[in-house]
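Down below is the structure, laid out as structure tokens.
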Amino acid sequence: MDKKQAKERIEELRKQTEYYANKYYDEDNPEISDFEYDMLMVELRNLESKYPEYITKESLTQKVGGNVKEGFEKVTHEIPMQSLQDVFSLEEIEEFDERMKQKAEENGIKDITYVVETKIDGLSASLEYKQGKLIKGATRGNGLVGEDVTENLKTVKTIPKQLPEEINITVRGEVFISKKEFETLNEQRQINEEELFANARNAAAGSLRQLDSKITSKRPLDIYIFNVQKIEGKNFNSHYEELEYLEKLGFNVNPVRIPCKNIQEVKQAIQKIGEMRETLTYGIDGAVVKIDNLKFREILGSTIKVPRWAVAYKYPPEKKETKLKEIICQVGRTGVITPMAILEPVKVAGSTISKTTLHNEDFIKQKDLKIGDTVVIQKAGDVIPEIVEVVKSKRTGEETEFNMPKKCPVCGADAIREEGEAAIRCTGIECPAKLYRNLVHFVSREAMNIDGLGENIISQLLEKKLIQNIADIYSLKFEDIASLKKNGTKFAQNLVNSIEASKQNDLNRLITALGIRHVGTKAAKMLAKQYKTLDNLSKAKFEDLQQMNDIGEIMANSITEFFAQEQTQDLIQKLKQAGVNTKTIQNEKTDNKFEGKTFVLTGSLEQYTRKEAEEIIEKHGGKTSGTVSKKTSYVLAGEEAGSKLKKAQELGITIITENEFAEMLK
């Protein structure tokens with residue numbers, strides 16, 4: 001590579017690393033694995049080392065990645081929260097030790113001791129205490145300036161709000177979500193049809209960097225403290241001594257901290273941590289080697305980006321070859337049909353892998369996977385097994401193509417892939433695989449609003465086989481419900497009353513409850529108003545639906561496909577037989593005060609829920625919309641209003657407060 005090529009490659013690598021760092025640190029949505037990113041950084045560091053004339057302060061080799069998210073107050077760190085120099089081999093660890101020995105000799109220090117700790121895969125945060133009371137918590141940000149997330153950190157149960165000593169101290173730790181809690185969190189998000197978190201680190205980062213601390217409080221965040229940034233009135237000689245003191249103060253200190261007398265013990269500690277990775281309850285992305293002597297640390301100092309007294313050893317992802325024996329399809333609670341690879345069992349990174357997800361048909365095509373292939377397996381992020389590639393040189397010609405099913409493998413309903421989506425979905429509303437999710441949605445507040453029929457009760461009813469489809473809700477007996485709870489007579493009577501009352505709901509609620517793809521509460525109201533009965537809607541033609549305002553091709557197609565299914569017609573008949581209303585109930589408007597007016601709601605409202613505000617607007621003849629445009633009449637803005645408020649200001653739309661909205665109603 002000549003000088004010109006080196007310069008071009010350096011510039012290319014800087015753009016790539018900036019982009020991927022932004023995805024990782026600022027958007028909490030990584031696009032490549034940590035290992036792939038690390039390899040790009042290694043290449044960039046090596047090139048800059050060879051051609052130092054091309055080094056700039058903007059390169060990620062010279063600064064910490066991460067920026068302050070809009071909406072947070074900035075916090076300037078009194079002690080910079082630096083990154084760590086990554087190393088990828090034990091030879092590099094030995095080189096680090098040689099540098100330390102040389103510096104120790106120059107400064108008359110005889111013995112070098114180390115502490116080796118797990119490098120927790122989470123989001124770094126600092127906690128500042130005054131007189132023993134937690135007064136401020138911040139993210140690392142770019143190392144010099146972070147985000148004030150004090151209220152969010154106060155929701156983390158393992159962070160003490162008051163210390164047993166009235167001491168001024170700032171500590172640094174890693175906020176994370178345990179492996180088990182991460183799996184549970186993603187399972188719940190899948191049930192709610194929310195985008196899944198890519199990994200536990202990004203789940204933790206996204207949870208901590210919420211503008212609403214109520215959201216953070218619902219996430220299973222934890223923290224391990226690993227450093228004293230600043231302390232007043234106390235002096236320590238060693239880092240290990242500091243950690244023991246922090247534990248006495250009530251901090252949740254990193255549990256894996258191994259004191260080492262020499263480099264041989266350091267290498268043994270790295271190996272030990274590598275062997276125990278699988279059994280740890282939290283994710284790690286390496287082992288940190290630190291000088292234990294705090295005075296020696298001061299002598300060694302830091303570069304702009306990293307301390308000279310520590311390095312992070314990154315474990316290489318272990319890869320193994322195995323056979324792809326079969327591909328089966330599983331149906332999730334939302335109806336997504338996911339292909340699953342059945343493998344010849346192989347041990348990777350300490351655990352035996354016999355199956356792994358293939359995500360969707362695009363993934364299978366990109367990898368050019370065939371049944372019978374020899375494939376390379378690795379554990380992504382040391383947690384999730386994945387197929388990296390096919391060993392095409394080992395193909396025999398007996399391998400077979402795999403095609404995604406056209407029918408649901410569980411219930412036999414049509415399986416479709418909508419335009420612009422990677423997933424193939426089962427369309428059957430009575431599919432047993434989707435039943436739990438469909439029931440939860442059917443009884444929800446926005447749908448049939450059956451109070452008392454929550455997720456726990458639905459789980460019990462399914463477990464005891466008291467309901468096997470949605471319509472069975474209306475066949476539940478008093479004694480069946482009462483048996484679910486101790487002294488459940490009152491609960492059973494209330495639930496029976498709620499189920500009975502739901503039969504009289506307006507048609508729009510029933511349409512919402514059916515869970516037609518892309519049809520929300522607003523579209524359901526429009527459809528109920530237009531077609532008057534469920535029978536009319538079920539016979540609606542694609543062309544007619546498309547003519548309606550706010551109903552495009554995708555929604556119209558989804559509606560016609562839904563009602564074309566035998567399972568849908570079967571459920572409708574069962575609901576009718578149970579006495580559920582399938583017609584529009586005429587609700588008179590209060591007045592025409594907002595006739596021809598379109599409102600957009602943004603931010604947190606205090607006097608109303610968003611749904612209540614929408615209903616009030618509709619009762620007075622107005623409409624609500626989710627987007628601001630020139631056709632918008634008013635933007636009703638609450639606390640923490642964001643981009644919609646900004647757009648309204650740019651377009652000159654009238655912005656009103658809740659009090660002004662209340663005045664308009666008088």
Placing +1 on each Lys and Arg Cβ and -1 on each Asp and Glu Cβ in the stretch 209-276, then taking the dipole about the Cα centre, the residue among Phe226, Ile258, Thr216 whose Cα reaches farthest towards the positive end is Thr216
From the Cα centre of the stretch 198-277 to that of the stretch 619-663, the distance in Å is 46
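Students often get this wrong, so check it: of Lys7/Lys314; Lys119/Lys272; Lys611/Lys646; Lys623/Lys666; Lys323/Lys367, which have C-alpha atoms separated by over 21 Å? Could the numbers behind the result be given before it?
On the way: Lys7/Lys314 28 Å; Lys119/Lys272 14 Å; Lys611/Lys646 23 Å; Lys623/Lys666 18 Å; Lys323/Lys367 15 Å.
Violating the 21 Å limit, Cα to Cα: Lys7/Lys314; Lys611/Lys646.
Calculate the dipole size of the chain relative to its Cα centre from +1 charges on Lys and Arg beta carbons and -1 charges on Asp and Glu beta carbons; express the result in debye to the nearest 20.
Numbers: 100 positive and 107 negative charges, 215 e Å.
The calculation lands at about 1040 debye.
Where nothing but the Cβ of Lys and Arg (+1) and of Asp and Glu (-1) is charged, how large is the charge dipole of the stretch 149-284 around its Cα centre, in debye to the nearest 20?
On the way: 20 positive and 20 negative charges, 27 e Å.
That gives the stretch 149-284 a dipole magnitude of about 120 debye.
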In the stretch 101-153, the trypsin sites (Lys or Arg not before Pro) that sit in a DSSP loop and have at most 14 other Cβ atoms within 10 Å of their own Cβ are Lys110
Computed over the chain, the relative contact order (Cα-Cα under 8 Å, seq sep at least six) in percent reads 9
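Where does each of Cys431, Cys329 land when they are ranked from fewest to most other beta-carbon atoms within 10 angstrom? Working shown, then result.
Details: Cys431 21, Cys329 17.
Result, fewest neighbours first: Cys329, Cys431.
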Normalised Cα Rg of the stretch 74-313, dividing by 2.2 N^0.38 Å with N its residue count, works out at 1.04
To the nearest 20 debye, the stretch 74-313 has a Cα-centred charge dipole, built from +1 on Lys and Arg Cβ and -1 on Asp and Glu Cβ, of 620
With a 31 Å threshold on alpha-carbon distance, the violating pairs from Lys50/Lys261; Lys101/Lys157; Lys130/Lys305; Lys15/Lys214 are Lys50/Lys261; Lys101/Lys157; Lys15/Lys214
Projecting the Cα atoms of Asn360, Gly332, Val391 onto the charge dipole of the stretch 319-394, where Lys and Arg contribute +1 and Asp and Glu -1 at Cβ, the residue farthest towards the positive end is Val391
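To the nearest 500 deg cm²/dmol, what mean residue ellipticity at 222 nm is calculated for the chain from DSSP H runs of n ≥ 4 alone, each contributing -39,500 (n - 2.57), summed and divided by the residues?
On the way: 24 runs with 238 residues, N = 666.
That comes out to -10500 deg cm²/dmol.
Using DSSP to call loops (not H, G, I, E or B), can you name the trypsin sites (Lys or Arg not before Pro) in the stretch 453-512 whose Cβ has at most 10 other Cβ atoms within 10 angstrom? List each step's numbers first, then the result.
Values: sites: Lys464, Lys465, Lys477, Lys485, Lys486, Lys490, Lys503, Arg509; in loops: Lys464, Lys465, Lys477, Lys485, Lys486, Lys503.
Passing sites in the stretch 453-512 are Lys465, Lys486.
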Residues Ser124, Ser459 in order from fewest to most other beta-carbon atoms within 10 Å are Ser459, Ser124
For the chain, whose charge dipole is built from +1 on Lys and Arg Cβ atoms and -1 on Asp and Glu Cβ atoms, the candidate among Leu439, Tyr129, Phe176 with its Cα farthest towards the positive end is Leu439
Cross-link reach from Lys365 to aspartates and glutamates, straight Cα distance under 13 Å and at least 8 residues apart if same chain, gives Glu389, Glu401
Between [x] 29.8, 91; [y] 30.0, 135; [z] 40.3, 117, the structure-derived Rg and Dmax of the Cα atoms in Å is [x]
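Please go through the stretch 637-666 and write out the GluC sites (Glu not before Pro) that DSSP classes as loop and that have at most 12 other C-beta atoms within 10 Å. Can you show the working numbers first?
Details: sites: Glu639, Glu640, Glu650, Glu658, Glu660, Glu663; in loops: Glu640.
Answer in residue order: Glu640.
FYI, it's all coordinate maths here, none of it is from the lab. As the structure is a prediction and not an experimental result, all values here were calculated from the model. A quick note on method: Cβ atoms are made from the backbone with ideal geometry, for glycine too, and the neighbour counts reach across all protein chains shown.
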